[in-house]
1. List the residues of region 44-83 whose backbone N lies under 11 Å from a point placed 7 Å from the Cα of Arg36 along the Cα-to-Cβ direction.
2. Given a Förster distance of 22 Å, report the FRET efficiency between Ala197 and Asn229 from their Cβ-Cβ distance, rounded to the nearest 0.05.
3. What is the distance, in nm, between label points placed 7 Å from the Cα along the Cα-to-Cβ direction at Glu154 and at Ile207?
4. Past the 32 Å Cα-Cα mark, which pairs from Lys88/Lys237; Lys54/Lys158; Lys114/Lys237; Lys38/Lys210?
5. Calculate how large, on average over all directions, the projected area of the Cα convex hull of region 171-294 is; give the answer in nm² to one decimal.
6. Label-point separation (nm) for Ser214 and Asp102, each offset 7 Å from Cα along Cα-to-Cβ?
7. Calculate the all-directions average of the projected area of the chain's alpha-carbon convex hull, and give it in nm².
8. How much length, in nm to one decimal, is gained on full extension between Gln265 and Gln4, taken as 0.36 nm per residue of separation minus their Cα-Cα distance?
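Derivation of every value follows stated rules applied to the coordinates shown; laboratory data play no part. Just so it is clear, the model here is predicted, and its values are computed rather than measured. No Cβ is skipped: glycine too gets one built from the backbone with ideal geometry, and neighbour counts run over all protein chains shown.
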Amino acid sequence: MTSQRLGWIGTGVMGVSMCGHLLNAGHRLTVFNRTRNKTRSLLEKGAHWADTPKAVAENSDILFTMVGFPDDVRDVILGDDGVLAGTKTGDTVVDMTTSSPDLAQRIHRECANKGVGALDAPVSGGDVGAREATLAIMVGGERPAFDAVNPLFEIMGKTIALMGPAGSGQHTKMTNQILIAGTMIGVVESLLYAQRAGMDAHRVIDIIGKGAASSWSINNLGRRIADGNFGPGFYIKHFVKDMGIALDEARRMRLSLPGLALVHQFYVAAMAMGWEDLGTQGLFQVLETLNRQLG
């Protein structure tokens, strides 16, 4: 596996750590990011820079993308100077962005037409999971491609599963995001209640974070709220994107998800307030502001 050439596109909050684990494991990597400065730590570890996604693909056998939005995925992989233009028969393209299932299926079809494998492999675990290599990785695609890439997934995550054909990874991630949306409103409202009651938020989390209300969100993002830390582990603007994809898919299925729609609107309000680059725990500030105005 270490003799294979790897490529990585997208070195944001999570991507830089995930790529770093592959470098630390001894793999040869070629990298690209729209802002070259964000690849500095990887280049210092021995990664090679490429000027375009196509150039990354030309120097890779397995290539990973971890960008922001579906339009970014489309441009980076399917654009004129994109990944697919630089691939050869036998290569594999792995998109780890949270994106739309139909785009994942389109990428799979276009890759297959060129003899290239494709996997959609979004992740869950945030910046902490990326740094600690404990991500959950949910994968859509064909078994041979999954088996070839799985040893690399195991360097970045702890819980990895092939969920079905192309698009299945993205559908699984949508179920994850729907659950997180509902959980986050509960985290925020519970801590607002504790605050109004004059309780110490950390002491409250010490108790409820170990009982029936325990969740990753209360034990990790709840601590950040208690500390007044609203920096991004996962950007609000990206979560709004994810919820929008889930709502679009639900409409196609003729499925009503009123809880998700409500939380989506609260996060849209956060963006309207200028907080799109906060972490998802920034929802606390939206509800706190609303209650301050009401009180």
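1. Within reach of a label on Arg36, which here means backbone N under 11 Å from a point 7 Å along Cα→Cβ, region 44-83 contributes 49-52.
2. Working: r = 22 Å, r/R0 = 0.99.
The calculated FRET efficiency here is 0.50.
3. 4.4 nm
4. Values: Lys88/Lys237 35 Å; Lys54/Lys158 30 Å; Lys114/Lys237 34 Å; Lys38/Lys210 37 Å.
The answer is Lys88/Lys237; Lys114/Lys237; Lys38/Lys210.
5. On the way: hull surface 31.5 nm².
Mean orientational projected area (region 171-294, Cα hull): 7.9 nm².
6. In this crude label model, Ser214 to Asp102 measures out at 4.1 nm.
7. It is 15.9 nm².
8. Numbers: separation 261, 0.36 × 261 = 93.96 nm, distance 4.49 nm.
Extra length available between Gln265 and Gln4 comes to 89.5 nm.
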